[in-house]
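Asks: Dumping the structure here so I can ask a few things about it.
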Amino acid sequence: MAPKPALSPLSNPDRWVDTYADALFRYALTRLRRRQDAEDAVQETLLAALQGHRAFRGDSAELTWLIGILRNKVVDRIRLSARENLASPVDDIDEPIDQWSGTTNKWLRAPKTWRTDPTQLVEDGEFWDQIRKCFAGLPERQAQVFALRTFDELDAEDICQQTGLTETNLWVLLHRARGSLRTCLEDSWFASESKS
């Protein structure tokens, strides 16, 4: 007779929703941006975790394990969205690639001066609220690749494999996302800072 499998070192799965749902939802929402998509990804994660919880060996914290599953669900959704959008051109294809330096290698519009110490901004909740608002304003594909590159720290090759983008398209989307975030922050955050 085969020995009984060891019990999973996880806490009671019935408590996962109460304990981890908010953290999982925030993680998913920052990457998927649509509330319904984030909720669906969290539900799929909890279902997958429930089905596979006996295989969990306890090598990481429960939340870390759940986020690992969620990350895969998020990437699957991004990959599906990228396939659906593959026939459509890169966002705003007529927009100039570089709005700030043009072809002269000189600033067309120099960055605004930061009066606040950047290390203080990291701890400023209002600043992070503004970052979230600016991020929410990005076109979907820009936000997706920006999240994969910046939040999940995936390299370009992995992102291209997961989204079906060429490396050139990826870098264009990242460049535009960073530029849009910069403009949004300058207009909404640093503009008010310069008035004070």
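The values are calculated or read from the model by the stated rules, or taken from the named source; none is laboratory data. Quick caveat: nothing in here was measured; it's all calculated off a predicted structure. Using ideal geometry, Cβ is built from the backbone for each residue, glycine included, and neighbour counts are taken over all protein chains shown. Accessible surface areas use protein heavy atoms only, side chains included; no ligands, DNA or RNA. Shrake-Rupley method; radii C 1.70, N 1.55, O 1.52, S 1.80 Å.
Asks: Using mean Cβ contacts within 10 Å as the protection proxy, how do 57-64, 132-139 order, highest first?
Replies: 132-139, 57-64
Asks: Something else: Among D129, D40, what's the order by accessible area (1.4 angstrom probe), most exposed first?
Replies: Largest accessible area first, the residues go D129, D40.
Asks: Within 10 Å, count the other beta carbons around each residue, average over each peptide in 148-154, 74-80, and list them highest first.
Replies: 74-80, 148-154
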